[in-house]
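Starting off with a structure, shown below.
The values are calculated or read from the model by the stated rules, or taken from the named source; none is laboratory data. Values in this document were obtained by computation on a predicted structure and should not be read as measured data. Cβ sites come from the backbone with ideal geometry, for glycine too, and all protein chains shown count toward neighbours. Just the protein is used for accessible areas: all its heavy atoms, side chains included, with ligands, DNA and RNA removed. Shrake-Rupley method; radii C 1.70, N 1.55, O 1.52, S 1.80 Å.
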Amino acid sequence: MMVPAALLLLGALASVVAPRLLARADWPDREPVVALWVWQCVVAAVLLCCVLSMTLSASAAWVAVRGHVFDGAPASVVDAYAPGAGAPWAAATAVALACGGAWTAAMLAREIVRARTRRRQNRSELLVRAPLLPGEGGTAGRLVVLEGERPDAWWLPGAAPQLVITTAALRRLKGRQLDAVLAHEQGHARARHDWLLHCSAALANGFPQVPVFAAFRDEMHRLVELAADDVASRRFGRLTIALALVELNEDRGVFGPGPAGPGAHVPQRVDRLLTPRDRLTAARRLRLTAAAALVPVIPVLVAFVPGLRALG
């Protein structure tokens, strides 16, 4: 039971320490794409700790599971994991972690079902408010203009993605600002940010007391917007996309004092665009990416240490 306990301790430590370290770092706002990768690696490591701990606990508690896990392994390797030691605790740990895994799958399934339901409802509403013209076959990549007094633009993901923009936004956006907004939303679509948001929401809703999952959800919402801002700014300039953000959000009260709402990060996004900081060097970006990729390897190494020692 030492290795499963060590894996659980490692997962708990990562879930508490990693969000604090990333919150103190100053580079995520400068490199949101790298930050998205780091967050995914950290969460994958935490989940991997739980999966490996569940597997080794189950193999210690039940002979049938042990036969599948250590199929073909030398007896010295099997003995290194002390099968049968602490069997009651091993069984309880395996069952608890299996329930957690089932709950995670259920939360993810619920999030996907809700997202698809919302998507169908939104598409039905779009077809009512903006029906297809005669001879217009598909809707993929279709730009939909809706009559509305509130300036807004959003990307509707799915098998046939659509970009929706209101007439108020068309009146507000000047020159290349409209192109910048379109590039921003297309950046979301190309990077499939909707999947990141769904996964982070499922984990945070399923385990609201786990710090890393709550921080993962909050940071995903923020970082995907920064990444899409960068996509648009590289094509049309930082000032253009910053002015477009102001035009779309100035009537929503996000730039004045008041309670935080859905657009609470817009002022910080505008400040970031207008006062850009230097990007990290390519070498440092590569080091961060490689270091993050190694994080999920740590639980695997911890799980294999007894077996490697027995073979050595």
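Quick one: which of Ala310, Ala214, Ala293, Ala201 is open to solvent by less than 80 Å² (accessible area, probe 1.4 Å) and at pLDDT 95 or above?
Checking each option against the conditions leaves just Ala293.
Does Asp152 satisfy the criteria of being open to solvent by 10 Å² or more (accessible area, probe 1.4 Å), in contact (Cβ under 8 Å) with a residue 12 or more places away in the chain and more than 27 Å from Glu31 (Cβ to Cβ)?
Yes, satisfied.
In segment 63-80, is there at least one residue being over 19 Å from Gly307 (Cβ atoms) and either in a helix (DSSP H, G or I) or at pLDDT 80 or above (or both)?
Yes, that holds for at least one residue.
If you go through segment 150-182 one residue at a time, how many are farther than 20 Å from Asp251 by Cβ and under 21 Å from the mean Cα position of the chain (by Cα)?
Residues that pass the stated criteria total 6.
Looking only at segment 1-49, which residues are β-branched (Val, Ile, Thr) and without any contact (Cβ under 8 Å) to a residue 60 or more places away in the chain?
Correct list: Val17 only.
Then there's this: If we keep just the residues of segment 156-181 that are among the hydrophobic types (A, V, I, L, M, F, W, C) and surrounded by fewer than 20 Cβ atoms within 10 Å (Cβ to Cβ), which is farthest from Ile241 (Cα to Cα)? Explain how you work it out, then say what you get.
Our first condition is that a residue be among the hydrophobic types (A, V, I, L, M, F, W, C); within segment 156-181, this holds for 156, 159-160, 163-165, 168-170, 173, 178, 180-181.
Subsequent filtering for residues that are surrounded by fewer than 20 Cβ atoms within 10 Å (Cβ to Cβ) retains 159-160, 163, 168, 170, 178.
Working: Ala159: 27, Ala160: 26, Leu163: 17, Ala168: 17, Leu170: 14, Leu178: 9 Å.
The residue in question is Ala159.
Going residue by residue through segment 155-175, is there one that turns out to be among the small types (Gly, Ala, Ser), touching a residue at least 60 places away in the same chain (Cβ under 8 Å) and under 24 Å from Arg30 (Cα atoms)?
Scanning segment 155-175 turns up no residue that is among the small types (Gly, Ala, Ser), touching a residue at least 60 places away in the same chain (Cβ under 8 Å) and under 24 Å from Arg30 (Cα atoms).
Residues checked against (1) out of contact with any Leu (no Cβ under 7 Å at 6 or more places or on another chain); (2) exposed (fewer than 14 other Cβ atoms within 10 Å of the Cβ):
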| site | (1), (2) |
| --- | --- |
| Glu250 | yes, no |
| Thr275 | yes, yes |
| Leu280 | yes, no |
| Leu288 | yes, no |
| Ala303 | no, no |
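Only one of Val181, Val212, Val164 is among the aliphatic types (A, V, I, L, M) and not in a helix (DSSP H, G or I); which?
Values: Val181 fails: not in a helix (DSSP H, G or I); Val212 fails: not in a helix (DSSP H, G or I).
Among Val181, Val212, Val164, only Val164 is among the aliphatic types (A, V, I, L, M) and not in a helix (DSSP H, G or I).
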